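*Asks:* This is the structure I have questions about; it appears just below.
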Amino acid sequence: MRPVIPYVTAALLFGLGVYGVLRRRNAVLVLMSVELMLNAVNLILITADTTVRAALPQTGQVFALFVIVIAAAEVGVGLAIVLQLYRLRATVAVDDVPLEKVDA
Amino acid sequence: MSTGEAVTFWILVWPALVGAIGMVLARNAIHSALWLVLTMLSIGVFYVLQSAPFIGMAQIIVYTGAIMMLFLFVLMLVGRDASDSLIETLRGQRVAAVLLGIGFAAMVGTGVYRAMDNVTPAGLEQANAQGNVEGIARLLFTKYVFAFEVTSALLITAAVGAMVLAHKERRKGEKRGQPETMRARFYPGNYPGPKPGPGVYATSDSVATPGRLPDGTLTDRSISKILPVRELTSSESAPKGTEK
């Protein structure tokens, strides 16, 4: 096995996630692009765990587990905020969110 | 390491990348979510191949099973027509996104390739000798036990926060009772009866064909509002003649 394959794949996935975050206007799709970036980082962590001879093996896997848990929490809260935004403004496009204060 | 692993990697790289590209480029939000599921499944197999079977299973169960289904639920709630418009509102956003995204991928990809090519992996056979789950649990409950507990606190806070945010407060007076509903239904200007069904003819029973009123005219009320969005031509939506 050449560990370079998953490393390069992870780099490409992260770049695509960056593109999605910058390009997408739907808030749900922006969150999905963030998930893609987190997945790329997880892939790096797991691959690094098998590549190097670490003092504490499997630390990368434990870190990946933490990242998965935090991603789950982030998605839960983020999607709840998106739902609330949809109820208030009837849109989920991030461009339509007014940044200045509006009189409700 | 075996060549079987390398072959599996070479096969699965393409679904992972194609899924990511499809997720970024798909117009329809639902298609986007399904492309991302493909990517996440491929990454889960990557984990299993790299002697991390527990994380691979967690990836498949938690990511594709729970998180992506949550995304799909929210997409259904927000509306099926939540597709992205490609109109640029910020000038130069596309160029910046391409430059940053693709440039970042190319830069990190080539850097990692130059650094990691011809590196023989150390492998985890020794660490996994007593079992992968046992090894993770040993680390998780000894060295990282504090972080583990903090994570559980974070999860329960996020769950409560999501419930509070998504909860819709409805006061007692806001709920419309039966008399008010009936009054609104029979109020002048509102049609209280059921809508007419689409036209069913000898040669066509398509839902895109409007029904005919007693006076012979077609009624637009009998077809779904989504159909004009599909831009049917007038010949497609017109009832087809019966005589050949």
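*Asks:* Hey, what's the range A:4-94 come to in accessible area per residue, 1.4 Å probe, Å²? Numbers along the way, then the final one.
*Replies:* On the way: 2810 Å² over 91 residues.
Per residue, the range A:4-94 has an accessible area of 31 Å².
*Asks:* So what's the range B:18-140 giving for Cα Rg divided by 2.2 N^0.38 Å, two decimals?
*Replies:* That ratio works out to 1.39.
*Asks:* Could I ask something else about it? Below 8 Å, C-alpha to C-alpha, sequence gap of six or more: please give me the relative contact order for chain B in percent.
*Replies:* Values: 165 pairs, mean separation 24.0, N = 244.
Reported as a whole number, the value is 10 percent.
*Asks:* Also, I was wondering about something else. Students often get this wrong: which residues of the range A:17-43 have the backbone nitrogen under 17 Å from the point 7 angstrom along Cα-to-C-beta of residue B:155?
*Replies:* none
*Asks:* A follow-up question, please. Interface A/B, total buried accessible area with a 1.4 Å probe, nearest 100 Å²? Please list the in-between numbers first.
*Replies:* Numbers: alone 7720 and 19520 Å², together 19980 Å².
Heavy-atom accessible area buried at this interface is about 7300 Å².
*Asks:* Checking the a/c ratio against 1.5 first, then a/b against b/c, what shape does the Cα gyration tensor give for the protein assembly as shown? Walk me through the intermediate numbers first.
*Replies:* Working: a/c = 2.45, a/b = 1.84, b/c = 1.33.
Prolate.
*Asks:* Right, here's the next one. Can you send over the carbon and sulfur percentage of the accessible area for the protein assembly as shown, probe radius 1.4 Å, protein chains only?
*Replies:* On the way: 13220 of 19980 Å².
Ligands and nucleic acids excluded, carbon and sulfur give 66 percent.
*Asks:* In degrees, nearest 10, range 0 to 90: what is the angle between the Cα axis of helix B:145-166 and the longest Cα principal axis of chain B?
*Replies:* Between the helix axis and the principal axis of chain B, the angle is about 10 degrees.
*Asks:* What are the ³J(HN,Hα) couplings of the range A:37-46, residue after residue, when phi is run through the Karplus curve with 6.51, -1.76, 1.60 and θ = phi - 60°? Round to Hz, x for glycine and proline.
*Replies:* 5, 5, 5, 5, 5, 4, 4, 4, 4, 5
*Asks:* Then there is this: Counting only residues 5 or more places away or on other chains, whose amide H sits under 5 Å from the amide H of residue A:52 once H atoms are built in the peptide plane?
*Replies:* Long-range HN contacts for residue A:52: B:122.
*Asks:* Calculate the spin-label point distance for residue B:7 paired with residue B:203, positioning each point 7 Å from the Cα along the beta-carbon direction, and give it in nanometres.
*Replies:* My value for the distance between the label points is 5.7 nm.
*Asks:* So if R0 is 51 Å, what FRET efficiency would residue B:114 and residue A:88 give, r being the distance between their Cβ atoms, rounded to the nearest 0.05?
*Replies:* FRET efficiency, residue B:114 to residue A:88: 0.55.
*Asks:* Also: Across the range B:133-140, in residue order, what do the Karplus-derived ³J(HN,Hα) couplings come to in whole Hz, using 6.51 cos²θ - 1.76 cosθ + 1.60 with θ = phi - 60° and x for Gly and Pro?
*Replies:* Listing the rounded values in order: 5, 5, x, 5, 5, 5, 5, 5 Hz.
*Asks:* Rounded to the nearest 500, what is chain B's calculated 222 nm mean residue ellipticity when only DSSP H runs of at least 4 contribute -39500 (n - 2.57) each, over all residues?
*Replies:* Calculated mean residue ellipticity at 222 nm is -17000 deg cm²/dmol.
*Asks:* Over chain B, with the other protein chains present, what is the accessible area per residue in square angstrom, probe 1.4 angstrom?
*Replies:* Each residue of chain B exposes 65 Å² on average to a 1.4 Å probe.
*Asks:* Also, quick follow-up: Mind listing the phi-derived Karplus ³J(HN,Hα) values for the range A:63-73, rounded to whole Hz, using 6.51, -1.76 and 1.60 with θ = phi - 60°, and x for any glycine or proline?
*Replies:* 5, 4, 4, 4, 5, 4, 5, 5, 5, 4, 4
*Asks:* Mind checking the log10 I(q)/I(0) for chain A at q = 0.15, 0.18, 0.20 Å⁻¹? Debye, one equal scatterer per Cα, no solvent, two decimals.
*Replies:* With no solvent term, the Cα-only Debye profile gives -0.72, -0.90, -1.01.
*Asks:* Go ahead and collect, in residue order, the members of the range B:34-68 whose backbone nitrogen is under 13 Å from a label point 7 Å along the Cα-Cβ direction of residue B:133.
*Replies:* B:53-58
*Asks:* Let me ask you something else. For the range A:1-82, which trypsin sites (Lys or Arg not before Pro) pass both filters: DSSP loop (anything but H, G, I, E, B) and at most 15 other C-beta atoms within 10 Å? All intermediate terms of the calculation are to be shown ahead of the outcome.
*Replies:* Details: sites: A:23, A:24, A:25, A:53; in loops: A:24, A:25, A:53.
For trypsin sites (Lys or Arg not before Pro) across the range A:1-82 that sit outside H, G, I, E and B with at most 15 neighbouring Cβ atoms in 10 Å, the list reads A:53.
*Asks:* Are there residues in the range A:34-48 whose accessible area shrinks by at least 30 Å² when all protein chains are included rather than the chain by itself, and which are they (probe 1.4 Å, ligands and nucleic acids not counted)?
*Replies:* Residues shielded by partner chains are A:35, A:36, A:39, A:43, A:46.
*Asks:* Compute the long axis of helix B:68-78 from its Cα atoms, compare it with the longest principal axis of the Cα atoms of chain B, and write down the angle in degrees, 0 to 90, nearest 10.
*Replies:* Helix B:68-78 sits roughly 30 degrees off the main axis of chain B.
*Asks:* Let me ask another. Please list the equivalent ellipsoid semi-axes of the range B:1-81, computed as the square roots of five times the alpha-carbon gyration tensor eigenvalues, in descending order and whole angstrom. Display every interim value, and only then the final one.
*Replies:* On the way: eigenvalues 150, 47, 5 Å².
So the three semi-axes of the range B:1-81 are 27, 15, 5 Å.
*Asks:* So how long is each side of chain B along the principal axes, counting just the alpha-carbon atoms, biggest first, in Å?
*Replies:* Ordered largest first, chain B gives principal extents of 84, 56, 43 Å.
The values are calculated or read from the model by the stated rules, or taken from the named source; none is laboratory data. Owing to the predicted nature of the structure, the values given are computational and were not obtained by experimental measurement. Glycine also receives a Cβ, built like all others from the backbone with ideal geometry; neighbour counts cover every protein chain displayed. Accessible surface areas use protein heavy atoms only, side chains included; no ligands, DNA or RNA. Shrake-Rupley method; radii C 1.70, N 1.55, O 1.52, S 1.80 Å.
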